[in-house]
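What follows draws every value from the coordinates through simple rules; no lab data is involved. Because the structure is a prediction, the values reported are computed rather than measured. Here Cβ is always computed from backbone atoms with ideal geometry, including for glycine, and neighbour counts include all displayed protein chains.
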Amino acid sequence: MGKSIFHLAFPVHNLKSAKAFYVKGLGCRAGRESGHSLILNLAGHQIVAQLTPERPKSQKGIYPRHFGLVFLKRQDWEDVLSRALKKGLPFYQAPKIRFPKSALEHRTFFLKDPSNNLLEFKHYTHKLAIFGKRGMKKVGDRP
């Protein structure tokens, strides 16, 4: 595949609260907007908040659905964490280290937007773990 940007559409029950969370809270840039959609720039990727009649149900745990960013530099991860704390964004899971002292070690935290969408932000200690380490079967927190 050539150079491209990622696109994701996701449900929100209120565009005003979504815009406040993503633009004022996370620091996304707002793009086109209508009565049913809001285009956002999340680190150069296009995410689109799509209005739904009801607030999406909260899922139990982080699976099966969440989205977010994998930072290549730890400082960038720490900057987003600092912003989330400063802006008082709601954490679904506090910052932690997953798979410590292993080839899959990474720092992670989850935020929850006003429509119950979960966002994960993480940084791998070893970049090869992002797409590599195929022989290792640990993925996420499931047994």
How far, in nm, would the chain grow between Gln46 and Leu72 when pulled straight, counting 0.36 nm per residue and subtracting the alpha carbon separation?
7.5 nm
HN-Hα J couplings of the stretch 42-48 from phi, Karplus 6.51/-1.76/1.60, θ = phi - 60°, integer Hz, Gly and Pro as x?
10, 6, x, 10, 8, 10, 10
If I model a spin label at Ser82 and Gln59 as a point 7 Å from the Cα along the Cα→Cβ vector, what separation in nanometres do I get?
3.1
The answer for trypsin sites (Lys or Arg not before Pro) in the stretch 1-35 that fall in a DSSP coil and have at most 12 neighbouring Cβ atoms within 10 Å is Lys3
Taking θ as phi - 60°, what are the ³J(HN,Hα) couplings along the stretch 100-117 by the Karplus curve (6.51, -1.76, 1.60), each to the nearest whole Hz, with x for Gly and Pro?
x, 6, 10, 5, 9, 3, 7, 8, 8, 8, 10, 10, 10, 7, x, 9, 6, 6
The base-10 log of I(q)/I(0) that the Debye equation returns for the chain at q = 0.14, 0.18, 0.21 Å⁻¹, one scatterer per C-alpha, is -0.71, -1.13, -1.41
So, with points 7 Å from each Cα along the Cβ direction, the Ala20-Arg98 label distance in nm works out to 3.0
Percent of Cα-Cα pairs per 5 Å bin, from 0 to the last occupied bin, for the stretch 59-117, please list those.
4, 15, 25, 27, 18, 8, 2, 0
Would you please give the residues with an amide H less than 5 Å from that of Val12, counting only those at least 5 places away or on a separate chain, with H modeled from the backbone geometry?
Gln50, Leu51, Thr52
For the stretch 17-23, in order, what is each residue's ³J(HN,Hα) by Karplus, 6.51 cos²θ - 1.76 cosθ + 1.60 with θ = phi - 60°, in whole Hz (x at glycine and Pro)?
5, 5, 4, 4, 5, 6, 8
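Under a Cβ-Cβ cut-off of 15 Å, what is the net charge of the residues other than His36 that fall near it, where Lys and Arg count +1 and Asp and Glu count -1?
+1
Under the rule that an exposed site lies in a DSSP loop and has at most 15 other Cβ atoms within 10 Å, name the longest stretch of the chain with no GluC sites (Glu not before Pro) of that kind, not counting the sites themselves. Intermediate values should be presented prior to the final figure.
Details: sites that count: Glu54, Glu105.
Between exposed loop sites, the widest span is 1-53.
Within the stretch 50-130, list the trypsin sites (Lys or Arg not before Pro) lying in a DSSP loop whose Cβ has at most 12 other Cβ atoms in a 10 Å radius. Working shown, then result.
Working: sites: Lys57, Lys60, Arg65, Lys73, Arg74, Arg83, Lys86, Lys87, Lys96, Arg98, Lys101, Arg107, Lys112, Lys122, Lys127; in loops: Lys57, Lys60, Arg65, Lys73, Lys101, Lys127.
Answer in residue order: Lys57, Lys60, Arg65, Lys73, Lys101, Lys127.
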